[in-house]
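What follows is a single structure, written as structure tokens, with notes after it.
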Amino acid sequence: MSLYEPTYMEGTLGTMAVDWEERINMARMRDERKARAQHHIAEAGLGSVLLLDDPNIRYVTGLAMLGGSGADHYSFLTAGGDVVHWDTADHASNERANCPWLPDIRYAAPGLGNVPRASGSPSAREFLLDTMADLIVEAAHDYEVHRDPVGIDSTQPALATKLRERGLVVRDGAADALHTARQTKTKDEIDCFRVLSAICEAGFMAIKKAAEPGMLEQEVWGAAVEAVLRRGGTVEGGYLTSGPNTWPKHQANTTDRMLRPGDIMYADFYSATFQGYRSCVYRTFSIGKPRQRSVDAYKRARDWMYDAIEAIRPGVTTGEVAMRFPDREGERMDWYGARHHWEMTTNQWAHGLGLQLYERPLIWRGISVDHPIEIQEGMVMAVETQEPDGQSGMRVEEMIVVRRNGAEVLTRWPVDEITVIDF
């Protein structure tokens, strides 16, 4: 296989900071991410951007935003590198004490989302949105970018109107600029994915140890989640499914179904996180020795996946790689009653990973053949395939990073064969 092999001493180090070697350099990662964002907003002709999208806020500020109640936190970045962050009372006070790289933290007026909606009062909603707009305009004047175009990273027409009424020039381009900045990863970001891969492997090991006939899907998944949490990760998505729930694909739910001898079972760590970076990795298990039809189906899925991975390198287009994924027959489109590849979302594709589950690039017959983009060194993505054996479904997925001469596979749980759980 034409895959990238890590060099001597290149690999996963510990998760803690120590004084005797450099591991993931968090300060450098924050600085390099912000510098990329500055570069791309300047290229977009913007003097500043208002960040409402949590992954963009974390990318620029390093703050672990976990959703909140809707626009009770937001950030402002100038092309010159100045950052203002607004947050709730408790969060803002804690950030002032613990985040010295953010010298300008202010209290937020939650002008969008759940807070104004929950008020039940049109006048309260108007008051909060007006106050939020005033705070943003004030920051633009403070850093002397009020005459330059400002972008908003999500579509907010009411807020944009308020800002224009106060004299700011609001233009498009902020969302694309931030997504472009985030589409390739720095060394430290890639090392976060190395640690994340190891954390997911601990979860798979917990599944192998816990699964046996009579156990509930949710009991086994609970053991996997515990393993992730114990190693410094979080689990914000994912599931384990078994037997008849594996094909047709279950609705990503872990149930109270009892495992039985001969079951096929697969688990998906999507959105397990480390330092905010999100995983997406499948593995397939068999409760006892798998049937030959399952072995054959799994091999087809595994071969499709690696056929695509081996085609991934800088300069190749997403359209070229998409042609390595299964065609109409392999996609079982007739079984689904689908006429177009775009109807087969999530089954056979590759997608970028980062502070969101789906980032650039997306490699998929549904769009990439007719609308290709170029693959770049430093992109991190998940490559996934599936195949039924007639009764059960096999799913497999690797996380990779694009290197100069090909893909480096970050995930190491054995993939050549179905993982057998003896009992």
- Item | Whole-number Å³ per residue for the convex hull built on Cα positions in region 1-57 | 179
- Query: Across all directions of projection, what mean area in square nanometres is found for the Cα convex hull of region 351-423?
  - Reply: 7.3
- Difference of contour (0.36 nm per residue) and Cα-Cα distance, His371 to Asp256: 37.2 nm
- Quick one: Karplus J couplings for region 401-416, per residue in order, coefficients 6.51, -1.76, 1.60, θ = phi - 60°, nearest Hz, x for Gly and Pro? 10, 7, 9, 4, 10, x, 8, 9, 7, 8, 7, 10, 4, x, 10, 5
- Message: How would region 334-373 be classified by its alpha-carbon gyration tensor: rounded, prolate or oblate, with rounded meaning a/c under 1.5 and the a/b versus b/c comparison settling the rest?
- Response: oblate
- Take region 281-341, compute every pairwise Cα distance, and split them into 10 Å bins from 0; I just need the percent in each bin. 18, 38, 34, 10, 1
- Task: Between Ala42 and His141, with labels modelled 7 Å along Cα→Cβ, what's the label distance in nm to one decimal, could you check?
- Result: 2.7
- To the nearest 0.05, the calculated FRET efficiency linking Glu212 and Thr346 through their beta-carbon distance, R0 being 22 Å, is 0.15
- Note on the structure: Given a 1.4 Å probe, the accessible area of region 212-288 per residue, as a whole number of Å², is 36
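Computed FRET efficiency, Cβ-Cβ of Asp90 and Asp176, R0 41 Å: what is it to the nearest 0.05? Spell out each step's value before the answer.
Working: r = 34 Å, r/R0 = 0.82.
Computed FRET efficiency for Asp90 and Asp176: 0.75.
Counting only protein heavy atoms and a 1.4 Å probe, tell me what percentage of region 75-174's accessible area is made up of carbon and sulfur. Could you put the intermediate results ahead of the total?
Details: 2550 of 5060 Å².
So the carbon and sulfur contribution to the accessible surface is 50 percent.
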- Message: So with the 1.4 Å probe, I'd like the accessible area per residue for region 44-130, rounded to whole Å².
- Response: 41
- If we count every other residue with Cβ under 14 angstrom of Met205's Cβ, Lys/Arg +1 and Asp/Glu -1, where does the sum land? +4
- Note on the structure: On each of the three principal axes the extent of the alpha-carbon atoms of region 1-100, given in whole Å and largest first, is 46, 35, 25
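As an exercise, find the ratio Rg/Rh for region 215-343 from alpha-carbon atoms, using the Kirkwood inverse-distance average for Rh.
Numbers: Rg = 16.9 Å, Rh = 16.8 Å.
So for region 215-343, dividing Rg by the Kirkwood Rh gives 1.00.
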- Query: Using only Cα atoms, what is the ratio of the radius of gyration of region 105-179 to 2.2 N^0.38 Å?
  - Reply: 1.13
- Message: Can you tell me the mean projection area, over all orientations, of the convex hull of region 44-187's alpha carbons? Units nm², please.
- Response: 8.6
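Please compute the net charge surrounding Val169, taking Lys and Arg as +1 and Asp and Glu as -1 over other residues with Cβ under 9 Å from its Cβ.
Values: positive: Arg147, Arg164, Arg171; negative: Asp148.
Surrounding charge for Val169 is +2.
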- Task: Run the quick spin-label model on Glu329 and Asp307: label points 7 Å from Cα toward the beta carbon, then report their separation in nm to one decimal.
- Result: 1.1
- Task: Keeping to pairs on different chains or 8 or more places apart, tell me how many lysine pairs in the chain have Cα atoms under 23 Å apart.
- Result: 9
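Just to make sure I understand: if all protein chains stay in place, what is the order of Met215, Met16 by accessible area at 1.4 Å, largest first?
Largest accessible area first, the residues go Met16, Met215.
Count the DSSP beta bridges whose two residues both fall in the chain, then state the antiparallel fraction as a percent rounded to the nearest 5. Walk me through the intermediate numbers first.
Working: 45 of 56 bridges.
Of those bridges, close to 80 percent are antiparallel.
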- Task: Starting from the amide H of Ser48, placed 1.01 Å from N in the peptide plane, find each other amide H under 5 Å away whose residue is 5 or more places distant or on another chain.
- Result: Ala79, Gly151
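Taking 0.36 nm per intervening residue step and subtracting the Cα-Cα distance, what contour gain separates Tyr336 from Lys249 on full extension? Please report the intermediate quantities before stating the final value.
Details: separation 87, 0.36 × 87 = 31.32 nm, distance 1.13 nm.
Extra length available between Tyr336 and Lys249 comes to 30.2 nm.
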- Message: Please list 3J(HN,Hα) in residue order for region 244-260, calculated via the Karplus relation 6.51 cos²θ - 1.76 cosθ + 1.60 where θ = phi - 60°; whole Hz, with x for glycine and proline.
- Response: x, 6, 8, 7, x, 3, 5, 7, 6, 10, 9, 10, 8, 5, 7, 6, 10
- Remind me, what semi-axes does region 269-413 give for its equivalent ellipsoid, largest first in whole Å, using sqrt of 5 times each Cα gyration tensor eigenvalue? 24, 19, 14
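Need one word for region 316-356: rounded, prolate or oblate. Basis is the Cα gyration tensor (sqrt eigenvalues a ≥ b ≥ c); a/c below 1.5 gives rounded, then a/b vs b/c decides.
Verdict is oblate for region 316-356.
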- First compute the accessible area of region 1-62 with a 1.4 Å probe, then give the percent of it belonging to carbon and sulfur atoms. 52
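What percentage of the solvent-accessible surface of region 185-232, computed with a 1.4 Å probe over protein heavy atoms, is contributed by carbon and sulfur atoms?
On the way: 940 of 1790 Å².
Its accessible area is 52 percent carbon and sulfur atoms.
The values are calculated or read from the model by the stated rules, or taken from the named source; none is laboratory data. As the structure is a computational prediction, the values presented were derived from the model and not from experiment. For neighbour counting, all protein chains shown are included, and Cβ atoms are generated from backbone atoms with ideal geometry for every residue, glycine included. We work out accessible area using only protein heavy atoms, side chains counted, and drop any ligands, DNA or RNA first. Shrake-Rupley method; radii C 1.70, N 1.55, O 1.52, S 1.80 Å.
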